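This report refers to the structure that appears directly beneath it.
Read the figures in this text as sums done on the coordinates, not as results from a lab. Everything numeric here is computed off the predicted structure, so don't read it as measured data. Every residue, glycine as well, gets a Cβ built from its backbone with ideal geometry; the counts of neighbours run over all protein chains shown.
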Amino acid sequence: MWGLGLIGRTMLTFQTVLFDLDGTLVDAFTTLHRAYCHTLPLFGQAAPTIDQVRGTVGGGLEHAMGQFLPPERVAEACREHVAFTKEILLDDPKVYPGGRELVTALHAAGVKTGVLTNKIGDHARAILAHLGLALQLDLILGARDCPWRKPDAAFTAEALRRLGAEAATTCLIGDSPFDLETARAAGISCFCVTTGTHSGADLRAAGAAAVYPDLFALGAEVFGLQANGSMRARTLRYSKARSLG
C-alpha cells in the first residue's frame, strides 16, 4: 500500500501538473461502453465491443461518435449518449492505481494540479467529486467549459491562465497521441501511461519518449514518489526534448 509524501519541495521543476482524465487518471471505459451499447442500436448499428470504444477515445464525443455513424447522425446520437451517460455516470468509474497517491502528494507539496479533458466538464467534475479527488485538484477543465478542446493550444492556455501557471513549468500526463499533440501545441512537457487507449509502441510512434505502465511507475521516475511515504529530493531535469521526443 503506497503512502506518499514529499521532501525537498523546492526541488520540483514542475510547478503545475495537468492530467488527462479517461484512460490516464480515471478508468471510465465501462461507462463509455455502456453508453455506446445503449446509443448505437438506436441508430441501426450493432453494439460495439469495449475495445472498439477504447479506440475512439481522446478527441471528444463528436469525434468518437463519428467513428461509428455518418456525419448527419452524429449530433443526435451524441445527445442520446449524453442523456444516458448522465443516468449511469457514477456507477462504474474508478481511479487508476497510483492516481490518488500521485495527486495527493503533488497537492500536498503545493504543486498546482488540474485535469484537462475533452469529457464534458460537468461530467468530469461530478466523477472526480464522487471519487474524492476534486478537492485536491485546482482546476477541472473540460468540454463546454470554454470554446476549445484538446489538442487546441488555446484550451491548454486557458487552463494555464485559470491556474496562474506558465508553460515552462507545466507538464501534462496523458495516455494518447491526442495528449502528445496537445502538449506540443502548448509548448509543455508530456509524460504518458499505457493504462488507457494506446500501447507503448503506439505512443512512441506518436513521438513520446517517456512512457510508463502506470501512474505508480511514472510518479516514481518523474516525481520521485516512493512506497515508503516520501518523495525523493531531486531536481527534475526532463527537457521538452526528452518528454516530447
* If you rank H107, H63, H81 by fewest surrounding Cβ atoms within 10 Å, what's the result? -> H63, H107, H81
* Asked: Per residue, what volume in Å³ does the Cα convex hull of segment 29-88 take up?
  -> 68
* **Relative contact order of segment 1-149, defined on C-alpha pairs under 8 angstrom at six or more residues apart (%)** => 31
* Asked: P(r) of the chain in 5 Å steps, Cα pairs, percent per bin?
  -> 1, 7, 14, 19, 20, 17, 11, 6, 3, 2, 1, 0
* Asked: With r defined as the distance between the Cβ atoms of A75 and Q45 and R0 fixed at 22 Å, what FRET efficiency is calculated, to the nearest 0.05?
  -> 0.90
* Structure fact -> For R204, R144, ascending order of other Cβ atoms within 10 Å (fewest first) is R144, R204
* **Candidates P93, P177, P48: whichever shows maximal mean-square fluctuation once the chain is modelled as a Gaussian network with Cα springs under 10 Å** => P48
* To do: For the chain, give the share of DSSP beta bridges that are antiparallel, in percent and rounded to the nearest 5; count only bridges with both residues there.
  => 15
* Post the alpha-carbon centroid distance, segment 40-119 to segment 184-218, in whole angstrom. => 19
* Ascending count of other beta-carbon atoms within 10 Å, so fewest first, for H33, H123 -> H33, H123
